[in-house]
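See structure below.
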C-alpha cells in the first residue's frame, strides 16, 4: 500500500481517514514515517466523528483545503464509501483481500479530478 500511495503522491495529495484508536495511529505513523506520505491524517477518535457520519469527511476536505467533489475516498467498506459519496466525495471500494492495485489505479484515473486533489485512504494495513 505504501508503494502505491507514494506513486499516487507524485500526482495527488494523499490523506488518511481512520476509525483506529489515536494511539495506534500515532505509533504506526511514527514507525513508518507516514506523516511524510499522508496529509492530512484524520483520526475519528480525535475529531469526534466516525466514517459512518459525513462530518469526518467534511473535516478531511477542510483540512486538505479542497472541495469534497475534488476528493477520492477509498475504503474496504461499501457503507463508508456510500457515506463519503453522499457527502460529495468520489467513493471507491477497494477489496483488501484481493488487493488489485491496477484496478484501483484505473478507477482513480477514470474519475479524472484535478491534479493535486486529495485521495483519502482509510486503512492502516501494510
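All of the numbers you see were taken from the coordinates with simple rules; none came from a lab. These figures come from a predicted structure and were not determined experimentally. Here Cβ is always computed from backbone atoms with ideal geometry, including for glycine, and neighbour counts include all displayed protein chains.
The table below gives the values:
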{"read-out": "Cβ-based exposure ranking for 12, 93, in which fewest neighbours within 10 Å come first", "value": "93, 12"}
{"read-out": "Semi-axis lengths, Å, the stretch 13-74, gyration tensor of Cα atoms, sqrt of 5 times eigenvalues", "value": "19, 15, 8"}
{"read-out": "Fully extended contour minus Cα-Cα distance, from residue 50 to residue 24, at 0.36 nm per residue", "value": "7.8 nm"}
{"read-out": "Residue 9 versus residue 36: modelled label distance in nm, points set 7 Å from Cα along the beta carbon direction", "value": "0.7"}
{"read-out": "Relative contact order %, the stretch 2-121, counting alpha carbon pairs below 8 Å whose residues are six or more apart", "value": "29"}
{"read-out": "Theoretical gain in end-to-end length, residue 78 to residue 2 [0.36 nm per residue, Cα-Cα removed]", "value": "25.2 nm"}
{"read-out": "Span from the the stretch 58-92 Cα centroid across to the the stretch 22-40 one, whole angstrom", "value": "20"}
{"read-out": "Semi-axis lengths (Å, descending) of the ellipsoid that matches the C-alpha gyration tensor of the chain", "value": "19, 17, 14"}
{"read-out": "Distance (nanometres) between label positions extended 7 Å along Cα→Cβ at residue 97 and residue 62", "value": "3.8"}
